[in-house]
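To start, the structure itself, in structure tokens.
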Amino acid sequence: MNGSYPNESETGQTLVIGSSGFIGRFITEACLDSGRPTYILVRSTSNSPSKASTIKFLQDKGAIGSITDQEFMEKVLREYKIEVVISAVGGESILDQFSLIEAIKNVNTVK
């Protein structure tokens, strides 16, 4: 491996979920730095005041919604032709990913 990143024509669109978390921030940064077309799913609010500014910044850069809304997730996956989904969701939200998984199955764009 030579350490170079594939160019946009060789990669698909990426969706990062959980980008305001500790690990999610690093994943999002790496995806953006790689040149891969990257979209970010951001929830509309956070229970954590320390994440408020991060979430506001990310809302300005991506889609706002919830992974528990399967219809919304299907729309995002289709509209942006998402081929790669990276979820950094953790803690109490881990089970919320079931709707996301169903949306991925229904849309069939994710590789």
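Observations
- Every residue from segment 12-39 that is farther than 20 Å from Ile64 by Cα, part of a loop (DSSP other than H, G, I, E, B) and out of contact with any strand residue (DSSP E or B) (no Cβ under 8 Å at 6 or more places or on another chain): Ser34, Gly35
- Some residue of segment 41-53 being closer than 14 Å to Val110 by Cβ and either surrounded by 16 or more Cβ atoms within 10 Å (Cβ to Cβ) or at pLDDT 85 or above (or both): yes
- Looking across segment 61-74, the residues that are of a type outside the set (Asp, Glu) and not in a loop (DSSP other than H, G, I, E, B) come down to Ala63, Ile64, Gln70, Phe72, Met73.
- Count - residues of segment 63-111 that are basic (Lys, Arg) and surrounded by 15 or more Cβ atoms within 10 Å (Cβ to Cβ): 1
- Output for segment 1-40, where each listed residue is surrounded by 12 or more Cβ atoms within 10 Å (Cβ to Cβ) and at pLDDT below 70: Tyr5, Glu8, Thr11
- Test: residue in segment 75-94 that is at pLDDT below 80 and not in a loop (DSSP other than H, G, I, E, B): no
- Long-range neighbours under 6 Å by Cβ, at least six apart or interchain, first residue touching a residue at least 12 places away in the same chain (Cβ under 8 Å) and within 16 Å of Val76 (Cα to Cα) within segment 93-107, second of a type in the set (Lys, Arg) and assigned to a helix (DSSP H, G or I): Val107/Arg78
The values are calculated or read from the model by the stated rules, or taken from the named source; none is laboratory data. All figures in this text were calculated on a predicted structure; none of them were measured in a lab. We place every Cβ from the backbone using ideal geometry, glycine too, and count neighbours over all the protein chains shown.
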